[in-house]
1. Can you tell me which of B:Val159, B:Val73, B:Val87 moves the most in a GNM of chain B? Springs connect C-alpha atoms under 10 Å apart.
2. Whose amide H sits under 5 Å from the amide H of B:Leu58, counting only residues 5 or more places off or on another chain, with H placed in the peptide plane?
3. Which order, highest average first, do B:205-212, B:106-113, B:57-64 follow once you tally other Cβ atoms within 10 Å for each residue and take the mean per peptide?
4. Could you list the residues of the stretch B:50-75 with an amide nitrogen less than 14 Å from a label point located 7 Å from the Cα of A:Asp43 in the Cα-to-C-beta direction?
5. Quick one: putting +1 on the C-beta of Lys and Arg, -1 on the C-beta of Asp and Glu, what dipole do you get for chain B around its Cα centre, in Debye to the nearest 20?
6. Using the Karplus curve 6.51 cos²θ - 1.76 cosθ + 1.60 with θ = phi - 60°, work out ³J(HN,Hα) for each residue of the stretch B:92-109 in order, rounded to whole Hz, and write x for Gly and Pro.
7. Assign unit charges at the C-beta atoms only (+1 for Lys and Arg, -1 for Asp and Glu), then state the dipole size of the protein assembly as shown relative to its Cα centre in Debye, rounded to the nearest 20.
8. Past the 24 Å Cα-Cα mark, which pairs from B:Lys29/B:Lys134; B:Lys30/B:Lys134; A:Lys114/B:Lys30; B:Lys29/B:Lys214; A:Lys13/B:Lys32; B:Lys32/B:Lys135?
Amino acid sequence: MPSETGKGCIMTKLQRKILYFLLGLCVLTPIGILLPMVFDAGDAWGEWSATTLNDLIGYVPAGLEKYSNIWNAPIPDYSMNNSDPSVVHQSGYYIVSGVIGATLTYLITLLISKLIVKNGD
Amino acid sequence: MHIPDGYLSPQTYLPLMGVFVAVTAVAIKKVKLDVSARYIPYLGMAAAFSFIIMMFNLPIPGGTSGHAVGSAVIALLFGPWAAVVAVSVALIIQALVFGDGGITAIGANCFNMAIFMPFAAYYLFKLFSVNPMKKTRVFIAAFISGYFSLVLTAILTAVEFGIQPLIASDAEGKALYCPYDLSVAIPVMAIEHLVLFGIVEGLITALIVRYFLKSDPGLIFALRNRKGMHHD
């Protein structure tokens, strides 16, 4: 990640600390797949796949079926290989997804806010 | 709380997409006026934080899972309009790259988590921080802000889910989109966020605000405004 602030000077001590904190959080993200597994918790409410919904209510709503595959995400469910049964591998995919997603989010937000704030001067 | 594709009817997701676009246009103007250049790197980090914190799925044992959003702390630290921009970016990346939240539901999800939630959090904090100079008071107000803003956002999301059977059913009475009505969606979403996810959002909000209060109190938007310090 770039180490410059909006004014072009070196990152402050606080910003550096936040960056390390965020990297630490990325490494810990597999907690987000392990805890639900350990406590036998399923999908978030309202976020079931068409197949799971069919198991729950006995049919797939027609509109839901039409829209549910409208988009093929490049890294679906934060995993490069959803059929890989290894929890360790899935944890690795999850961390990599977290780093990719967080970096993209960081850079795009930085770009957008630089464009917005610069124009305001 | 990321509504997938197919759960909302076009009658629901199209208006919410419109509201999202309109509010984002206002947010860009507000950020231009209110946000100083020294906030820029923090905004990028705030957006990244929101992205990462949403990956920490927490279980209701034997039930569903859910997570904190991070919108509350971003709204308190950098202002609700900046939070609109930061959290929207995180949500759009989640939808486009990771399929978390639907493409058609981007407007709805951003409306809930990136617009409603930061404003709810900001005004809840204002309401409860009577004396912002006392650290415990700030901590408690920040917790309340995070806790209730997430619970209210969950209820808003539940309303969007729950009105679908009223809007669109086929001739046999089968739902076309989300099949659960308000009487199911609201209690489930409210309770799971009241008992677990809201507490996590509240703690994250309070702990991070406390950290900033120690390290760089002048940065905290929600406290700066109260003292009328608009010097930068």
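Every read-out reported here was derived from the displayed coordinates using simple, explicitly stated rules and does not represent laboratory data. Here the structure is a predicted model, which means the values were calculated and not measured. Backbone-built Cβ (ideal geometry, glycine too); neighbour counts: all protein chains shown.
1. Maximum among the listed residues: B:Val159.
2. B:Gly66, B:His67
3. Highest to lowest by the protection proxy: B:106-113, B:205-212, B:57-64.
4. Residues passing the 14 Å test: B:64-66.
5. 1340 debye
6. Values per residue, Gly and Pro as x: 5, 4, 4, 5, 5, 8, 10, x, 9, x, x, 5, 5, 9, 4, x, 5, 5 Hz.
7. Charge dipole of the protein assembly as shown: 2220 debye, to the nearest 20.
8. B:Lys29/B:Lys134; B:Lys30/B:Lys134; B:Lys29/B:Lys214; A:Lys13/B:Lys32; B:Lys32/B:Lys135
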